[in-house]
Each structure stands twice: as C-alpha cells, then as structure tokens.
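Working notes, beginning with the structure itself.
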Amino acid sequence: MKILHIDKASWDKGVLKSGETYRLTGPVKDKDTHAFKNLNDGELPDMGYVETKMSPKALLFPRSEVMLTYSTNPHDGNCNIMKEASKAYPPRAVIGIRPFDAKAIQLVKLNFDTEEYKDPYWLKAYEACTFVGLAINQPSITDFSTSCNTGPFDETGLDVLVVDTGHGFLAKILSTKGQAWADAAGFNIEAGADAASKITAMKKEAEANIVSKISVDKIAGKTVLELFDAGHWEDTAFGCINCGTCTFACPTCWCFDIQDETYGTQGVRIKNWDSCMTGLFTMHGSGHNPREYPYQRTRQRFMHKLKYFMDKYQEGIMCVGCGRCIKQCPANIDIREICNTMNQ
Amino acid sequence: MENPYIPYPVSIDDIQIATEDKSLKTFRFVFQNKSDEEKFAYKAGQFAELSIPGLGEIPIGIASSPTEKGFVTFTVFKTGKVTSHLHTMKVGDTMGIRGPLGNWYPWDTLMGKNILIIGGGFAFTTLRSSIKMMLDPSNRSVFGNIDVVYGARTPGMLLYKDELFEWGKREDINMHLTVDTEAPNWDYHVGFTPAITEKVAPKASDDTYAIVCGPPIMIKFTLPVLEKLGYKHDHIIMSLENRMKCGIGMCGRCNIGTELVCKDGPIFTLSDINKTPKEY
Ligand SMILES: Cc1cc2nc3c(=O)[nH]c(=O)nc-3n(C[C@H](O)[C@H](O)[C@H](O)COP(=O)(O)OP(=O)(O)OC[C@H]3O[C@@H](n4cnc5c(N)ncnc54)[C@H](O)[C@@H]3O)c2cc1C
Ligand code: SF4
Ligand code: SF4
Ligand code: FES
C-alpha cells in the first residue's frame, strides 16, 4: 500500500487544490469545540482539532432532509402525487474524519443499505464521499474504541489515513477513491521505506494510551430476554432524563421520523432525526405506549447498542467507543458502566 | 436506485361504511399507472403505507386478496390525524400507496394444513384477505379444513358482513360468528371469542395451525384456550402492530428486541414472540 509524505505547507496547498475537484468538508472551530462543516473557498480543515461535539453522521444523514415534494393545488397536473426531491451529489472529500467515526458510518450502512431496500438519500451521499481520515495520536480519557472493533488508527471505511507525525503528514492510500483525491491534491511524493513502521509504532503507542475498556463476551452468551428482564434497569436508568442528547451526538444512532410540511399548496416530506428516548417515538394511535416509562426507553437504547445489533448483524456492537455520550450526558449516564452491568 | 419512500399514485374508487358506528370505512383504490399494480404484487397478511400528502402515512393491512385483480382495499378505523382525514376523502381523490410491506402468513407452511382463524373486532382485514384467497377455486384444494371464529361487540360491528354470511352457507369453510350479547335476529353464537373458540375449535394436531388477530384483550384470553386445546406455540400465528413510519426497517421505531415489526414481521409465531420483549 502506498504511503505519501506531505509536509505541512504542501498539505494546505494540496487540500485547497483538491477543492477544485471536490466539495470539501472538515473540522472547523465552532465556539468552544469543533464541528464538521462544508469548507468555504480558501478555508482549511483544522487538523489540530481534538474532537467534534456532534459526529459527522449528518453529512450522510442530515438532521432534517427533504425526501419528496408535492403539490396540493388541484390545478397542478401532479396534484397530490409525490416526487423525489431533486438533489445533487457532487464528489465530496471528508477531511480529518476520525477513524471511529468512519467505522460508525460502516455500521450505519448496515441499516440504510440492505438487500431488500436502499435509502437512496443516504447511499447517494455516501457514494459521493471520499473519506480522508486523521489518526488519533492522543486518545481522550473517554475513548474506548479499541474495545469496539475499531481504534485510533483503524482504516475501516477510510480511503486515506492521514497520520500527523509532528513534522508533516504521512498519508496511507487505502483505495482508488483515495488515490484519486491525492492526485487531485497533487500529493505524489512517496514516503521513505520506514514510513510503514513509523505508522505501526505510532498506532501501538496511541492504542496503549487507551485505558478505558469494555467487554461484551458475557452479553453475547446471554439471551435477549435474560438481559431485558434483568432487575437492574430502573436503577441503571434512574438519572436519565430522556433528553436524547446521547442519541443525537452518537455517530451510530440512526433513528428518524417522517413528517410532511405544506406551505400554501406546495409541500415537502422530510426525514428528521428522532430519538428512542422520547415517549412519542413508540406511542400508538390508541394511546397505548409499549415503552410507557422513561426507564424502558433508556433500556431500549442500550439493549439496541449492546445486544440487539450484535445478534442481528453479527458485526459486533452498535458503538464505536467515541465517548461523546459519556461526555455530554447531563446525568452522567456512562455506557461503559451499563455495559459492565449487563456483562456480569 | 429504486426509491422505497415514493408512494404509487392511486385514486379512491369506492368508499363503504364498514360498521354501524361509522368508525370504520373500507376504501377501494385503483392504481393510476397500470404497471404499478404489477409491482404491488402482494400476499395475504402484508400491509402498505397509505400516504396522504400534507398529512403523512399510516400502515394498514391489505384487506383485498391477491386473487382480486384491478384494485386493492383497506379498512380503516378513524382514530388520529391521518385516519380522520382519510375518512373525509371522496371517491376520485388522489393519494398514494407504498408497499407491499412486511411478511405474510406462512403460506408455504400452511399448504395442506387445517387452518383455524380467530379474529376479533376490526382486526379482521388481513384475515379477510386470507380467507378470500384460500376460498378461491384455484387455491381451495391446497388447504385442509378451514374454521373461522370471528367476534364483535354487536352484529353491526362485524366487518364484511355480507361476505361472512355467504361464507356461512358454504360447505368448504366452517364459520363461527359471535357477538358479545344477545341481539335481535341473530342466529349465531353469543359470547366472547375465546369462549366460543373453546367450544368450536378443531382439535390440535401437527397439521392444524391457528391464526389469531384481535385486540390485546381478546389475544390475552384466547392464547390460554389454544394452549388448553393443545396448540403448540409454533402452530399459533399472530400479526403484531407497533407505531411505524418508514415500514422498511430503517427508522428504528417498531422493534421488539432484534425484530423489526415492519420488516421481519408483522407476522410471527407465538414461539418467536416468546423470545422477544413484550414491547408492542
Ligand atoms: C402492520 C399494521 C397493520 C395495521 N392495519 C390496520 C388496519 O387494517 N386498519 C386500521 O384501521 N388500522 C390498522 N393499523 C393501525 C393504524 O396504522 C393506526 O391506527 C394509524 O397509524 C393511526 O394513524 P393516525 O394518523 O390516525 O393517528 P395518530 O395518533 O395521529 O398517529 C400519527 C402517526 O403515528 C403513526 N401511528 C400511530 N399509531 C400507530 C399504530 N397503532 N400503528 C402504526 N403506526 C401508528 C402513524 O405514522 C401515524 O400517521 C395497523 C397498524 C400496523 C402496524
Ligand atoms: S442517557 Fe443522558 S444524554 Fe442520553 S437521554 Fe439519558 S440523560 Fe440524556
Ligand atoms: S460511545 Fe456513545 S456516542 Fe460514541 S458510539 Fe458509543 S454509544 Fe455512540
Ligand atoms: S417502521 Fe421504520 S423501522 Fe419499522
């Protein structure tokens, strides 16, 4: 596999040059944290960023997305007939995405890209992307990604893995898409023979810095009902106020709602982020709610992530260990502790 | 890429009030594009999302039978936003249908078997589809004995009454209709569905399957009856309902444990359901 060497000055120039071929998206400063945003002309991704509060899932799964359009005007030929909203999907380079967030996209893909049905909005946006990942040299204290089939240097789902060596970048080309982006950026200086071992060493060091671990071996061996009916859930969920912050910040949460909005006689059918933490999420028309009590919703989130997903797809758990939900929960609910409780 | 969110345009072709209290109406739809009808090829037990622009979508069981061509029908109870609006719509209006969605009664397994259908209230829509399909001359010989226990509060609350009475006259199906209390001119059973089931249900056997659809209270009291009669849990088939949006297994709201009711269901055997949390 080809590894390129890019010094920092050439990096900036090359990234901007790739902007002639790609729509660029990357981490930029946003108040006290960072956010993934479309970069303006001349704007550079902040490769020194630590983390983004929100995951980059919105690139493929916007908080609110128009799916269909309609007219309710009887004088229109297509009155009350739904049409796909027209949307362009120009090639996009996602620069500086963290490996666990790229891995998360592969998990979410299991939901939106199935044998029977494909979500065209998610999938077209996905196919338009080239993922240029940035390895994590110093994992945060809430990072437990190595317990989640990923890690700070994981290459899954990436087209290029960029490693900041301090003196410059090493860019490991992982796919033809990645090569095309490097070509568009004009990056073509191959790194020295020691580059691969340098990356391996940095990877080892970063992984060794992850002290936070979870284990799901016993969860795998238990039945859904054993875990679901376990006596601890009301205690476990006690502090949770069902605010949904964890579900919105999480790179692997994919639930959505569908709503119609009409302005005069023109309207749109939109897909909005939704959360299993809300009561309305499962409320029947009759008023009956299968998850009537708040703790039942908290239980659903963790059972989905740590058991249902694992059993359904045989692809590990539905969590990449990014730690966002742990940091942002106002009630100090910690998925690692819940996982431990479930894994007893 | 086929867009699974786009409904087929349909016109309302006929509307019939289905119950004496007018809370249910049966809508017959025709596809505006003939080719969509072929794409909508369905099996008895499946459902569809009825789509009204500006209001939203509702999952509704398909009440017509695959053997009936040229239209599809649905019987809808008026309860909230979309269903109430649908009840105000008129013949000739345009709306959309998305589907067919979900699985169907396990017709492959049911071939050559005796079938006991137990229905209550307005959860008789996909059962009507199933009976109509099985009674079709091209299908009737494929199945063994067919018994139907169907109950409602009053005679006027039974769905598809004319058809029920016609089936009652046939030799190749045993109809056991019942209402909760005595009613004038009612010559059939009186009593709750579970009690009537206990009286009339065929003996359990490896070759006899029960299909049960009804309100939660009916299910609750019918299952013990079937157990008492010796029906095994993998010979009891049920159709579940949960709140739905996408209907294609993506929006995440309809799950019971690992199973998505919209895509892996809505039809499950009781032994499958026993393995999942009771979140429906
Ligand atoms: C597989 C299946 C088959 C069904 N078949 C029939 C049928 O044949 N006849 C019939 O009258 N009803 C049927 N229902 C129930 C019917 O879907 C609800 O009564 C209907 O969605 C209520 O919509 P509303 O907009 O009037 O109510 P509101 O309470 O205003 O609901 C708003 C939205 O929530 C969702 N929703 C609410 N309740 C339900 C529910 N119980 N199930 C699914 N989604 C819900 C819908 O998207 C609905 O548009 C079925 C439900 C399922 C899941
Ligand atoms: S776990 Fe925390 S962040 Fe998630 S809904 Fe509960 S209180 Fe909110
Ligand atoms: S750590 Fe929390 S936010 Fe991150 S992937 Fe896991 S569940 Fe989602
Ligand atoms: S209704 Fe969306 S997943 Fe079942």
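The values are calculated or read from the model by the stated rules, or taken from the named source; none is laboratory data. Computed from a predicted model, the values in this text were never measured in an experiment. When we count neighbours, we look across all protein chains shown, and the Cβ atoms used for this are built from the backbone with ideal geometry, even at glycine. Areas reflect the complete protein model, heavy atoms only, side chains present, ligands, DNA and RNA absent. Shrake-Rupley method; radii C 1.70, N 1.55, O 1.52, S 1.80 Å.
Within the group A:SER64, A:SER71, which residue is at pLDDT 95 or above, under 25 Å from A:THR262 (Cβ atoms), away from ligand 3 (no atom under 16 Å from the Cβ) and over 17 Å from the mean Cα position of the chain (by Cα)?
Values: A:SER64 fails: over 17 Å from the mean Cα position of the chain (by Cα).
Sole residue among the options that is at pLDDT 95 or above, under 25 Å from A:THR262 (Cβ atoms), away from ligand 3 (no atom under 16 Å from the Cβ) and over 17 Å from the mean Cα position of the chain (by Cα): A:SER71.
Got a sec? Which of A:THR52, A:THR72 is surrounded by 15 or more Cβ atoms within 10 Å (Cβ to Cβ) and away from chain B (no Cβ under 14 Å)? Steps first, please.
Values: A:THR72 fails: away from chain B (no Cβ under 14 Å).
From the options A:THR52, A:THR72, the qualifying one is A:THR52.
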TODO: Within region B:243-254, track down each residue that is under 20 Å from the mean Cα position of the chain (by Cα) and either over 19 Å from A:THR247 (Cβ atoms) or open to solvent by 10 Å² or more (accessible area, probe 1.4 Å) (or both).
DONE: B:ARG243, B:MET244, B:LYS245, B:GLY247, B:ILE248
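Would you confirm whether any residue within region B:218-237 is farther than 20 Å from B:GLY191 by Cα, within 12 Å of ligand 1 (Cβ to nearest atom) and open to solvent by less than 10 Å² (accessible area, probe 1.4 Å)? First the steps, then the outcome.
The initial filter retains those residues of region B:218-237 that are farther than 20 Å from B:GLY191 by Cα, namely B:230-237.
So of that shortlist, the ones also within 12 Å of ligand 1 (Cβ to nearest atom) come out as none.
Scanning region B:218-237 turns up no residue that is farther than 20 Å from B:GLY191 by Cα, within 12 Å of ligand 1 (Cβ to nearest atom) and open to solvent by less than 10 Å² (accessible area, probe 1.4 Å).
Quick one: is A:MET303 within 16 Å of ligand 2 (Cβ to nearest atom), among the hydrophobic types (A, V, I, L, M, F, W, C) and more than 10 Å from every other protein chain (Cβ to nearest Cβ)? First the steps, then the outcome.
On the way: within 16 Å of ligand 2 (Cβ to nearest atom): yes; among the hydrophobic types (A, V, I, L, M, F, W, C): yes; more than 10 Å from every other protein chain (Cβ to nearest Cβ): no.
Answer is no for this residue.
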Open item on the list: Looking at A:PHE248, A:PHE228 in this structure, which one is farther than 30 Å from A:GLU65 by Cα, at pLDDT 95 or above and away from ligand 4 (no atom under 16 Å from the Cβ)?
Closed with: A:PHE228
Task: Check on B:GLU68, acidic (Asp, Glu) and closer than 23 Å to B:LEU158 by Cβ - done: yes
Task: The one condition in (1) within 12 Å of another protein chain (Cβ to nearest Cβ); (2) part of a strand (DSSP E or B); (3) aliphatic (A, V, I, L, M) that B:VAL82 fails to fulfil - done: (2)
Open item on the list: For region B:124-160, which positions are among the hydroxyl-bearing types (Ser, Thr, Tyr) and in a helix (DSSP H, G or I)?
Closed with: B:THR125, B:THR126, B:SER129, B:SER130, B:SER141
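Could you tell me which residue of region A:273-297 is nearest to the other protein chains (Cβ to nearest Cβ), considering only residues that are of a type in the set (A, V, I, L, M, F, W, C) and closer than 15 Å to B:GLY80 by Cβ? Don't jump to the end; show me each part of the working.
Within region A:273-297, the subset of a type in the set (A, V, I, L, M, F, W, C) is A:273, A:276-277, A:280-281, A:283.
Subsequent filtering for residues that are closer than 15 Å to B:GLY80 by Cβ retains A:280, A:283.
Working: A:LEU280: 9, A:MET283: 6 Å.
Residue satisfying both the conditions and the ranking: A:MET283.
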TODO: Output the number of residues of region B:213-243 satisfying the condition of being hydroxyl-bearing (Ser, Thr, Tyr) and in contact with a Pro (Cβ under 6 Å, 6 or more places away or on another chain).
DONE: 2
TODO: Restrict the check to region A:229-250 and report whether at least one residue is within 11 Å of chain B (Cβ to nearest Cβ), away from ligand 3 (no atom under 16 Å from the Cβ) and surrounded by fewer than 21 Cβ atoms within 10 Å (Cβ to Cβ).
DONE: yes
TODO: State whether one or more residues within region A:257-268 are within 30 Å of A:GLN138 (Cβ to Cβ), open to solvent by less than 20 Å² (accessible area, probe 1.4 Å), in contact with a Phe, Trp or Tyr (Cβ under 9 Å, 6 or more places away or on another chain) and within 11 Å of chain B (Cβ to nearest Cβ).
DONE: no
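Please return the ranges of helices (runs of 4 or more DSSP H) entirely within region B:177-280 where 2 or more residues are at pLDDT below 95, within 14 Å of chain A (Cβ to nearest Cβ) and more than 16 Å from ligand 4 (Cβ to nearest atom).
On the way: elements: B:193-200, B:216-228, B:270-274.
Fully inside region B:177-280 and qualifying: B:216-228.
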Open item on the list: Which numbered condition in (1) in a loop (DSSP other than H, G, I, E, B); (2) within 24 Å of B:LYS161 (Cβ to Cβ); (3) open to solvent by 20 Å² or more (accessible area, probe 1.4 Å) is the only one that B:TYR105 fails?
Closed with: (3)
TODO: Among the numbered conditions (1) β-branched (Val, Ile, Thr); (2) out of contact with any Asp or Glu (no Cβ under 9 Å at 6 or more places or on another chain); (3) away from every other protein chain (no Cβ under 14 Å), tell me where A:VAL320 comes up short.
DONE: (2)
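Condition (residue is of a type in the set (Phe, Trp, Tyr) and more than 12 Å from chain B (Cβ to nearest Cβ)) applied to region A:97-108: is it met by at least one residue? Quick ask: steps written out before the conclusion?
We begin by selecting, within region A:97-108, every residue of a type in the set (Phe, Trp, Tyr); these are A:100.
Filter once more, keeping what is more than 12 Å from chain B (Cβ to nearest Cβ): A:100.
Yes - at least one qualifying residue is present in region A:97-108.
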TODO: For region B:3-24, state whether one or more residues are within 14 Å of chain A (Cβ to nearest Cβ), touching a helix residue (DSSP H, G or I) at 6+ places or on another chain (Cβ under 7 Å), under 29 Å from A:GLU115 (Cα atoms) and polar (S, T, N, Q).
DONE: yes
TODO: Kindly provide the set of residues from region A:283-318 that are open to solvent by less than 10 Å² (accessible area, probe 1.4 Å) and within 16 Å of ligand 1 (Cβ to nearest atom), ordered by number.
DONE: A:ARG291
TODO: Within region A:109-120, identify whether any single residue is at pLDDT below 95 and within 14 Å of chain B (Cβ to nearest Cβ), and answer yes or no.
DONE: no
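To keep it simple, each residue is scored yes or no on (1) small (Gly, Ala, Ser); (2) in contact (Cβ under 8 Å) with a residue 60 or more places away in the chain.
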site	(1), (2)
A:THR130	no, yes
A:GLN138	no, yes
A:SER145	yes, yes
A:THR150	no, yes
A:GLY157	yes, no
A:VAL162	no, yes
A:GLY168	yes, yes
A:GLY186	yes, yes
Task: Output for region A:62-88, where each listed residue is within 22 Å of A:CYS255 (Cα to Cα) and aliphatic (A, V, I, L, M) - done: A:VAL66, A:MET67, A:LEU68, A:ALA85
